[in-house]
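S.K.: One structure, as structure tokens, below. Some questions next.
The values are calculated or read from the model by the stated rules, or taken from the named source; none is laboratory data. Remember, it's a predicted structure, so these values are computed and weren't measured experimentally. Using ideal geometry, Cβ is built from the backbone for each residue, glycine included, and neighbour counts are taken over all protein chains shown. What goes into the accessible areas is simple: the full protein's heavy atoms, side chains included, and nothing from ligands, DNA or RNA. Shrake-Rupley method; radii C 1.70, N 1.55, O 1.52, S 1.80 Å.
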Amino acid sequence: FHTIMLSSLVILHGDNTVASRSALQQNIANARAKECEIRHLDAKTLTPAQLGDALGSQELFSTQTCVVIEDLFAQPKSARKDALLDIVQTSMQPMIIWEKKTLTVTQLKSFSSAQIQVFKTSSAMFGWLDVLGTKDHAKMFALFEKAIESDGVELCFAMLIRQVRLLLQIKTGVEVKLAPFAVSKLDNQVNFFSEKQLLEFHEQLVHIDEKQKTSGSNLGLRGEIELLMKSMNDE
């Protein structure tokens, strides 16, 4: 991961939020090690004046401030957002911007001096999600193994929850706001499941999540997912 330097801007973005979150925490730790005071600001309510004050503030003994803002680029287009981005672009104070989606070249073109790192979900992940429900047991488990190697089991779990929820939306006639090719793949995949099955899978995912948070699973997250996948094939 990138190491934050004093008087620098770090931008972390991409759909692999597990990896980018880890990088965010590492950068914050690095900033603290350099005796920076960390200030988290809420992009939804942040004003240019507040950002300017935060970047200009200094603690006792001239301790530098490192500002952390999440999903600033994701805010609706407005004069406020433009002003905030202008301040980010010109500031000389340490700052970390974290975005849960992949930013475009256009969005990043004004930040050429920033340390930018993108975290993308692997093709193995999407390949695994696409074969769920197809009854191809060997292929599903093989792709799951590759997805874990590329992206980690935590992101696999998060993406599995997302996939089941998307399939439930398709099954119940709720509009899914994704690219046409992605919707087309979901339209085909949903035929492998009944609404009852998808609801049951979603309920099991909720239980798995609860067990992980309370250390109530003897199988571990990977084992729980593998057990759920096996039940998909047994349906």
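S.K.: What distance in nm separates the two pseudo spin-label positions at Phe126 and Thr102, each 7 Å out from Cα along the beta-carbon direction?
M.R.: Between Phe126 and Thr102, the simple spin-label model gives 0.7 nm.
S.K.: Here's a follow-up. Please list the non-local residues whose amide H lies under 5 Å from the amide H of Leu103, H modeled 1.01 Å from N, same-chain partners needing a gap of 5 or more.
M.R.: Gly14
S.K.: What nm distance separates the two modelled labels at Ser110 and Glu195, each placed 7 Å from Cα along Cα→Cβ?
M.R.: Roughly 4.7 nm, to one decimal.
S.K.: Pop out the carbon and sulfur fraction of the accessible area of the chain as a percent, whole number, probe 1.4 Å.
M.R.: On the way: 6740 of 12570 Å².
Carbon plus sulfur share of accessible area: 54 percent.
S.K.: May I pose another question? Cα gyration tensor of the range 52-169, axes a ≥ b ≥ c as square roots of the eigenvalues: rounded (a/c below 1.5), prolate (a/b > b/c) or oblate? If you can, show how the numbers build up before the last one.
M.R.: Details: a/c = 3.08, a/b = 2.44, b/c = 1.26.
Here the range 52-169 falls in the prolate category.
S.K.: Calculated FRET efficiency, Ala33 and Val118, Cβ-Cβ r, R0 25 Å, to nearest 0.05? Could the numbers behind the result be given before it?
M.R.: Details: r = 25 Å, r/R0 = 0.98.
With R0 = 25 Å, the Cβ-Cβ based efficiency is 0.55.
S.K.: Now, a different point. Which of the peptides 138-144, 18-24, 101-107 is most tightly packed, and how do the rest follow, judged by the mean count of other Cβ atoms within 10 Å per residue? Could the numbers behind the result be given before it?
M.R.: Values: 138-144: 16.9, 18-24: 18.9, 101-107: 11.6.
Result, highest mean Cβ count within 10 Å first: 18-24, 138-144, 101-107.
S.K.: Going by alpha carbons, how many degrees (0 to 90, nearest 10) lie between the helix axis of 17-33 and the longest principal axis of the chain?
M.R.: 30
S.K.: In the structure shown, do any of Lys77/Lys177; Lys100/Lys135; Lys77/Lys211; Lys77/Lys100 have a Cα-Cα gap over 29 Å, and if so which? Can you show the working numbers first?
M.R.: Details: Lys77/Lys177 19 Å; Lys100/Lys135 32 Å; Lys77/Lys211 40 Å; Lys77/Lys100 17 Å.
In this structure, Lys100/Lys135; Lys77/Lys211 exceed 29 Å between Cα atoms.
S.K.: Let me ask you something else. Tell me, in nm to one decimal, what length is gained between Lys44 and Lys230 on full extension, where the rule is 0.36 nm per residue of separation less the Cα-Cα distance? Present the calculation step by step, with values, prior to reporting the outcome.
M.R.: Details: separation 186, 0.36 × 186 = 66.96 nm, distance 4.20 nm.
Net length gain for the segment: 62.8 nm.
S.K.: Residue-wise, which Karplus ³J(HN,Hα) couplings in Hz belong to the range 47-52, taking 6.51 cos²θ - 1.76 cosθ + 1.60, θ = phi - 60°, and x for glycine or proline?
M.R.: Result, ordered by residue: 9, x, 5, 5, 5, x Hz.
S.K.: In nanometres, what is the gap between the two model label sites at Asn218 and Val176, each 7 Å from Cα along Cα-to-Cβ?
M.R.: Inter-label distance under the simple model: 3.6 nm.
S.K.: Let me ask another. Using only the alpha carbon atoms of the chain, find the Kirkwood hydrodynamic radius as the inverse mean reciprocal pair distance, in angstroms to one decimal. List each step's numbers first, then the result.
M.R.: Values: mean 1/r = 0.0497 Å⁻¹.
Its Kirkwood hydrodynamic radius stands at 20.1 Å.
S.K.: To the nearest 0.05, what FRET efficiency results for Ala138 and Lys211 with a Förster distance of 35 Å applied to their C-beta separation? Before the final figure, lay out each step's value.
M.R.: Working: r = 27 Å, r/R0 = 0.78.
E between Ala138 and Lys211, to the nearest 0.05, is 0.80.
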